[in-house]
Amino acid sequence: MVMANPFEGKEVWFGVGSQDLYGEEALRQVAEQSTEIVDYLNSTGTIPVKIVLKPTLKSSDGVKQFMVEASANPNVIGVITWCHTFSPAKMWIRGLEVLTKPMLQLNTQHHMEIPWETIDMDFMNLNQAAHGDREFGYIVSRLGINRKIVVGHYTDPEVAEKIATWTRACAGWDASNTMKVMRWGDNMRNVAVTEGDKTEAERVFGASINTWAVNELVAAYEAVKDDQVKDIIEDYKAKYDVAPELLDAKYDSLFIAAKEEAAMINMMNANGCTAGVDNFEDLGALPQLPGVGPQRFPSEYGFGFSAEGDWKTAVLVRIGAVMGYGLEGGASLMEDYSYNFVPGHEMNMGAHMLEVSPSIGTIAKPRLEIHPLGIGGKADPVRLVFTAAPKKDVVVVSMADMRERFRLLMNVVDVVEPEGSLKALPCARALWQPRPSLKDSAECWLRAGGSHHTCMTTSVGREAWEDFARMAGVELAVIDENTTPREFERELQLSEMVHRLNNRH
Ligand code: MN
């Protein structure tokens, strides 16, 4: 039960722009110094995806070949461009028009300091990214192509960090475009925000979202072998404090919960799915509403999960799990539940009936417990109970279908410790202080029509989601420490206009 490394075998291609004007010696130096830069970036240990330097780009045909190959190769998840010398940008048009992968424009230089005493015309002509990258930037902007821009000397740690975050977003985008979401049942009856246009979601995010009958899950449940269930129970015992009553041989609740987890995972694996949703209103002959299993989707399998048929949040949780792979923390379904309005102690409490994942980090070892559930009319479900560990710069992200487009909405929050025991609350939960404040955050969230379901990521923060949204060409409204409700309202109006004018999205 270990999530597959989503960066394994993936590459980012590095294309260096130049031209034939400067002669062989200059081009040799361009290639040599580009190698030095790429080797340095790969050696930092910060960037999780291998950067591969391709031959220097000197002509329209060369650029087009580079872009066609990058677009066609399933292992290439992004393209970095840099113009070491001047590179007349008309030669980039044909290539840029066929590029289908995310792009990062790196505006760097081989030298950090201007060689004050020795700089001559030859040096200046060879090292003119300040000039060449502006020419390149013009054509990319003119063509309306989204890209991340990173500026700085290649040895500046911030440059590697920004590239690293972008490569994580590239992996998230790759995962989104290869995602199959398994829906067991439909959305919860009468709920509005969990609905959405699945055809449009496949066009925008590449994710294929389809329904499987709950009867098939019941059949998969019946087909699970005891050995698989026992292995999962051993994993529970190794990772969680298991309530003694669950280990009592007279009761089979734990066995049933583990068997449900096995059935869901088996069915998803058999169909190549990496995210799933269920609905407590439609469980067929399943004995319990699945609890611990879905809680372990992100933490043990790297899968997305959301409840009540909310496939949009399941998509986000899968993307969050991929982007944050290898970092401390993770991704989970979250739902706003209760405010603490006490002055000076304002906070928001998020939870769900069962399905919040320990992937986001826990204060203490999660405890596996069994309690009745007031809705659904099934046997008492087994669930992990824990409180999320405090952490700064966490984000909650929601996706809403605004009819003619999807809107992502993000709040930067700080997860904090609860101010009491919460001992009577039999579910996983997180407490956070939203930025800029509880009141302003909630006002802006309501204004934007964000969902009550969110994906909380404690591994990657706002920059990764901003990079992702840019790749998807999807609206992303951000509430952070600098937000004021008045400006935010205006921002939403402008954003609405921008997205309506932009006919690509
Ligand atoms: Mn819910």
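The values are calculated or read from the model by the stated rules, or taken from the named source; none is laboratory data. The shown structure was predicted, so the numbers you read here are calculated from the model rather than taken from an experiment. Cβ atoms come from the backbone with ideal geometry, glycine included; neighbour counts cover every protein chain shown. We work out accessible area using only protein heavy atoms, side chains counted, and drop any ligands, DNA or RNA first. Shrake-Rupley method; radii C 1.70, N 1.55, O 1.52, S 1.80 Å.
What is the spin-label model distance, in nm, from GLU496 to THR199 if the labels are put 7 Å beyond Cα along the C-beta direction?
Reported label-point gap for GLU496 and THR199 is 2.5 nm.
Under 1.5 on a/c is rounded, so check that first for the range 316-397, then, if it is not, pick prolate when a/b is larger than b/c and oblate when it is not; a ≥ b ≥ c are the square roots of the alpha carbon gyration tensor eigenvalues.
Taking the square roots of the gyration eigenvalues as a ≥ b ≥ c, the range 316-397 is oblate.
Count the DSSP beta bridges whose two residues both fall in the range 11-176, then state the antiparallel fraction as a percent rounded to the nearest 5.
DSSP beta bridges in the range 11-176 are roughly 0 percent antiparallel.
Extension gain LEU21-ALA364, at 0.36 nm per residue separation less the Cα-Cα distance, in nm?
So the chain would gain 117.1 nm between LEU21 and ALA364.
With every protein chain left in place, what is the accessible area of GLU245 in Å² (1.4 Å probe, nearest 10)?
Spelled out: GLU245, probe radius 1.4 Å, area about 90 Å².
Could you check what % of the DSSP bridge pairs in the chain are antiparallel, to the nearest 5?
In the chain, DSSP labels about 45 percent of beta bridges as antiparallel.
Take the alpha carbon atoms of the range 429-497, find their center, do the same for the range 298-369, and report the distance between the two centers in whole angstrom.
Between the Cα centre of the range 429-497 and that of the range 298-369, the gap is 17 Å.
Under the definition of Cα pairs under 8 Å and six or more residues apart, what whole-number percent is the relative contact order of the chain?
RCO, the chain: 13 percent.
How charged is the neighbourhood of ARG435? Take every other residue with its Cβ under 11 Å from the Cβ of ARG435, and add Lys/Arg as +1 and Asp/Glu as -1.
Taking every other residue near ARG435 into account, the sum is -3.
Go ahead and estimate [θ] at 222 nm for the chain from helices alone: -39,500 (n - 2.57) per DSSP H run with n ≥ 4, summed, over the residue count, rounded to 500.
-12000 deg cm²/dmol
Which entries of LYS162/LYS439; LYS230/LYS378; LYS230/LYS365; LYS101/LYS180 have Cα-Cα distances beyond 25 Å here?
The answer is LYS162/LYS439.
Rounded, prolate or oblate: which one fits the range 11-176, using the alpha carbon gyration tensor with axes a ≥ b ≥ c (rounded when a/c is under 1.5, else prolate when a/b beats b/c, else oblate)?
Oblate shape, in that a/c is at least 1.5 and b/c is the bigger or equal ratio.
Counting Lys and Arg as +1 and Asp and Glu as -1, each charge on the Cβ, what is the dipole of the range 208-336 about the Cα centre in debye, to the nearest 20?
Once rounded to the nearest 20, the dipole reads 360 debye.
Dipole magnitude of the chain about its Cα centre, charges +1 at Lys/Arg Cβ and -1 at Asp/Glu Cβ only, in debye to the nearest 20?
About 780 debye.
What is the sum of charges, Lys and Arg at +1 and Asp and Glu at -1, for the other residues whose Cβ falls under 12 Å from the Cβ of LEU494?
-3
Roughly speaking, what is the centre-to-centre gap between the range 213-239 and the range 37-98 when only Cα atoms are used, to the nearest Å?
When both Cα centres are located, 46 Å separates them.
Can you list the lysines whose alpha carbon is less than 20 Å from that of LYS58, not counting same-chain residues fewer than 8 positions off?
In chain and number order, the partners are LYS90.
At 7 Å along the Cα-to-beta-carbon direction for both ALA31 and LYS392, put a label point, then send me their distance in nm to one decimal.
A separation of 4.8 nm, rounded to one decimal place.
Given the options SER421, GLY293, GLY374, identify the residue whose Cα lies farthest towards the positive end of the charge dipole of the chain (+1 on Cβ of Lys, Arg; -1 on Cβ of Asp, Glu).
Toward the positive end, the furthest listed residue is GLY374.
Which FRET efficiency, nearest 0.05, do ARG486 and TYR251 yield, Cβ-Cβ r, R0 41 Å?
Once the sixth-power term is evaluated, E becomes 0.15.
If R0 is 45 Å, what FRET efficiency do you get for LEU143 and VAL2 from their C-beta distance, rounded to 0.05?
E(calc), rounded to 0.05, equals 0.60.
Which order do you get for LEU501, LEU492, LEU327 if you rank them by accessible area with a 1.4 Å probe, largest at the top?
LEU501, LEU327, LEU492
Got the relative contact order for the range 11-176 handy, in percent, Cα pairs under 8 Å and 6 or more residues apart?
The value is 28 percent.
Quote the Stokes-Einstein diffusion coefficient, in whole µm² s⁻¹, for the chain, based on the Kirkwood radius over alpha carbon pairs, a temperature of 25 °C and a viscosity of 0.890 mPa s.
In µm²/s, the coefficient rounds to 101.
Rounded to the nearest percent, how much of the accessible area of the chain (1.4 Å probe, protein heavy atoms only) is carbon and sulfur?
C and S fraction of accessible area: 51 percent.
Provide the per residue accessible area, probe 1.4 Å, for the chain, rounded to a whole number of square angstrom.
Per residue, the chain has an accessible area of 43 Å².
Using a/c under 1.5 as the rounded threshold, could you call the range 82-186 rounded, prolate or oblate? The axes a ≥ b ≥ c are square roots of the C-alpha gyration tensor eigenvalues, and prolate needs a/b larger than b/c, oblate otherwise.
It comes out oblate by the Cα gyration axes.
Just to confirm a number: summing +1 for Lys and Arg and -1 for Asp and Glu over residues other than ALA275 whose beta-carbon lies under 15 angstrom from that of ALA275, what do you get?
-1
Each residue of the range 417-425 in order: what ³J(HN,Hα) in whole Hz does its phi give by Karplus 6.51 cos²θ - 1.76 cosθ + 1.60, θ = phi - 60°, with x for Gly and Pro?
7, x, 9, x, 6, 6, 5, 8, 9
What is the magnitude of the charge dipole of the range 202-245 about its Cα centre, with +1 placed on the Cβ of each Lys and Arg, -1 on the Cβ of each Asp and Glu, and no other charges, expressed in debye to the nearest 20?
The calculation lands at about 220 debye.
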